[in-house]
Amino acid sequence: MQNRISSFPPIIDSQSDIIILGSIPGVKSLEKQQYYAHPQNKFWKIIFELLNEEFTHDYTQRIETIKKHRIALWDVIDSCERKGSLDSEIKNEEANQIAELLEEHPNVKAIFCNGGKSYKNLQKVLGKNYKRPIFLLPSTSPLHTVSFEKKLEEWKRILEFLG
């Protein structure tokens with residue numbers, strides 16, 4: 001049996017308008033204990049571009065920026081076994097308590113999934129006709145080889161629900 005890995009606590013508060021859900025942190029994120037820590041992952045570049053904020057590598061400032069713009073972060077998977085960072089290697093997963101978190105935060109108007117794995121898993125957890133809109137966005141992972149411009153264009157959807 002492989003070692004189990006676990007996701008991080010959610011970053012959410014009573015002001016959050018949207019939540020962005022990944023699958024579970026990759027190896028680099030687990031090492032650094034930071035969401036989207038892999039230098040080739042485009043998550044932070046996309047978010048800062050969309051929010052018209054000056055890009056930073058400082059994790060504390062990144063978190064402050066998403067909170068300021070009312071964006072929550074979490075992962076669909078609480079724990080699993082996985083070799084490496086590929087979602088396709090995820091086995092024996094346990095889901096995070098997404099429905100409960102959303103019940104505690106009725107201000108969240110929409111749910112955005114960063115990639116197909118989080119979207120598929122979320123549908124298993126919440127069902128296909130959940131009471132809040134759920135959107136599938138292209139993964140920001142470097143393994144998802146769509147161009148930055150194409151990812152950025154699709155991620156603009158989050159702006160409709162902010163502010």
Going by the conditions given, is A72 more than 24 Å from L102 (Cα to Cα), open to solvent by less than 20 Å² (accessible area, probe 1.4 Å) and among the small types (G, A, S)? no
Name every residue in region 127-139 that is within 17 Å of the chain's Cα centre (by Cα) and either open to solvent by 60 Å² or more (accessible area, probe 1.4 Å) or more than 25 Å from S85 (Cα to Cα) (or both), in order of residue number. R132, P133, L136
Considering only residues of region 140-151 that are crowded, with 17+ Cβ neighbours inside 10 Å and either among the aromatic types (F, W, Y) or at pLDDT 95 or above (or both), which is nearest to K42 (Cα to Cα)? T140
Working carefully through the options S29, S88, find the one that is over 15 Å from the mean Cα position of the chain (by Cα) and more than 23 Å from P106 (Cβ to Cβ). S88
Name the pairs: first residue in region 123-139 and farther than 12 Å from K109 by Cα, second residue among the aromatic types (F, W, Y), Cβ to Cβ under 9 Å, at least 6 apart or on different chains? Q123/Y130; L136/F112; L136/Y119; L137/F112; L137/Y119; L137/W155; P138/W155
Conditions: (1) within 13 Å of the chain's Cα centre (by Cα); (2) open to solvent by 10 Å² or more (accessible area, probe 1.4 Å); (3) within 27 Å of T145 (Cα to Cα); (4) among the β-branched types (V, I, T). I47 meets all but one. Number of the miss? (2)
Out of (1) modelled with pLDDT under 90; (2) within 18 Å of Y36 (Cβ to Cβ), the odd one out for F112 is which? (1)
Can you name the residue in region 88-126 that is of a type in the set (D, E) and assigned to a strand (DSSP E or B) and is also most open to solvent (accessible area, probe 1.4 Å) among such residues? E94
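One line per residue, one yes/no per condition, for (1) under 19 Å from S14 (Cβ atoms); (2) hydrophobic (A, V, I, L, M, F, W, C):
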site	(1), (2)
E53	no, no
I77	no, yes
A95	no, yes
A99	yes, yes
G115	no, no
Y119	no, no
Y130	no, no
L137	no, yes
W155	no, yes
Would you pick out the residues in region 35-87 that are on the phi > 0 side of the Ramachandran plot and either β-branched (V, I, T) or without any contact (Cβ under 8 Å) to a residue 24 or more places away in the chain (or both)? N52
Search result, residues across region 30-44 that are farther than 22 Å from S147 by Cα and open to solvent by less than 50 Å² (accessible area, probe 1.4 Å): L30, Q34
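The values are calculated or read from the model by the stated rules, or taken from the named source; none is laboratory data. What you see is a predicted model; the values in this text were computed from it and never measured. Reconstructed Cβ throughout: ideal geometry from the backbone, glycine too, with neighbour counts over all protein chains shown. Each accessible area value is taken on the protein alone, full model and side chains, heavy atoms only, with ligands, DNA and RNA left out. Shrake-Rupley method; radii C 1.70, N 1.55, O 1.52, S 1.80 Å.
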